[in-house]
Amino acid sequence: MSSSTAEESARSEAAMLPSAAPVQLINELGALVPNEPGVAGKYPMPSAEELVHAYGKLVVGRRVNDQASALVRQGRMAVYPSSHGQEACQVAAALCLDAQDWLFPTYRDTVAVMTRGVDPVEVLVLLRGDWHSGYHPIEHKVATQSTPLATQLLHAVGVAHAAKLKGEDTVVVAMCGDGASSEGDFHEALNFAAVFHVPVVFFVQNNQYAISVPLSHQSVAPSLAHKAIGYGMPGERVDGNDLAALLSVMGAAVERARDGGGPTLIEAHTYRMQAHTNADDATRYRTDDEVAEWAPKDPVVRMKKYLTDAALLTDEAEAAIKEEAELVAATLRSGLNGEVKVDPEDLFKHVYAEPTPQLAEQAAMLRDELSREGE
């Protein structure tokens, strides 16, 4: 290998490595972070309009998390995986996409799905225990929320690959948690995406725990973003509680994919402030002191402080945002307060477009049983 070729290869490899520290534009105190020219040029501060709009979605997301948790306690929902503390990741994942793009969420990403424009009640009916996911994936360009870890990543890559083959202007954001990075599907999705150079952004919300398993027991890599170079794609680390940095980093990766640059792996460093779900006892595997360390890093408080100090958030705008958040919460209470009307024959209606003889026979047996019970 010639010296010039070796230098080019080294530069190419260096370009794939993530920043030495997570990218941050606004610190925990709500103040601007002075970055090196290279970082500042690569990840510029979003406009004031973008930040205020995103902050509004952030406040709504926090209210959704609080309301959903209350609905679980009231027996109106079976389970809720809260993203309290991770709302900045949720909002950025949705806002970085255009209308024709696709979002592939996990079970914890209800706020991202709502931010994408899906009706809040339709998003949560799945977690109430209804037979369907509540919203039409194709209509909203949002896949159904995935409970199995990492399976949605393969689906996301498939959609991105199909879009590339069709020549469509489509970018896919595939969301997952740090626990998903330990799954085989994670490897297969990243490898395929890199080999076929498809327009997908893998967005890992590293909230430090895969249920009760800490990240230190999952990986000893310098960071999860460092895994990207092994597949031949760039990786990046970002402060997952810094909404401005998330919008900039995610936006850059989406535009890179749209321009034909291929996939990117982004790791957002954040924290799950509440239990894994309402069925989890987080005190069994983490301490109160650890949780308390992350409290001052709250993305909602941080963003409000910055906008207020910069005179970008007026009292009127803040009041309008809070009003919107309460309206969404009221919509959730109203929409999830009614009892679900169950039709047993729905078990057979949507398995195939045309029911098979076996399904028709089973449906007839059920109708007969219900008829005899009614008598």
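The figures follow:
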quantity: Filter result for the condition that a residue is under 23 Å from the mean Cα position of the chain (by Cα) and of a type outside the set (Gly, Ala, Ser), over Lys297, Lys349, Lys341; calculated: Lys297
quantity: Answer residue from segment 279-315, given it is of a type in the set (Phe, Trp, Tyr) and in a helix (DSSP H, G or I) and is farthest from Val60 (Cα to Cα) among those; calculated: Trp294
quantity: Check on Glu8, of a type outside the set (Ser, Thr, Tyr), modelled with pLDDT of 95 or more and either outside any helix (DSSP H, G or I) or more than 22 Å from the chain's Cα centre (by Cα) (or both); calculated: no
quantity: Residue list for segment 329-375, filter: part of a helix (DSSP H, G or I) and of a type in the set (Val, Ile, Thr); calculated: Thr331
quantity: Pair list, Cβ under 6 Å, 6 or more apart: segment 314-340 residue under 14 Å from Tyr55 (Cα atoms), other residue aliphatic (A, V, I, L, M) and modelled with pLDDT under 95; calculated: none
quantity: Condition check for Phe196: surrounded by fewer than 21 Cβ atoms within 10 Å (Cβ to Cβ) and in contact with a helix residue (DSSP H, G or I) (Cβ under 8 Å, 6 or more places away or on another chain); calculated: yes
quantity: In segment 145-165, the residues that are crowded, with 18+ Cβ neighbours inside 10 Å and assigned to a loop (DSSP other than H, G, I, E, B); calculated: Gln145, Leu149, Ala150
quantity: Residue in segment 246-269 that is of a type in the set (A, V, I, L, M, F, W, C), assigned by TED's automatic domain parsing to the domain that holds Asp298 and assigned to a loop (DSSP other than H, G, I, E, B) present; calculated: no
quantity: Any hit, segment 79-86, residues being closer than 24 Å to Val157 by Cβ, over 19 Å from the mean Cα position of the chain (by Cα) and not in a helix (DSSP H, G or I); calculated: no
quantity: Per-region count, segment 59-77, residues in contact (Cβ under 8 Å) with a residue 24 or more places away in the chain, more than 12 Å from Val328 (Cα to Cα) and of a type outside the set (Ser, Thr, Tyr); calculated: 5
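The values are calculated or read from the model by the stated rules, or taken from the named source; none is laboratory data. Nothing here was measured: the structure is a model prediction, and the numbers come from that model. Don't worry about glycine lacking a Cβ; one is built from the backbone with ideal geometry, like all the others, and counts go over all protein chains shown.
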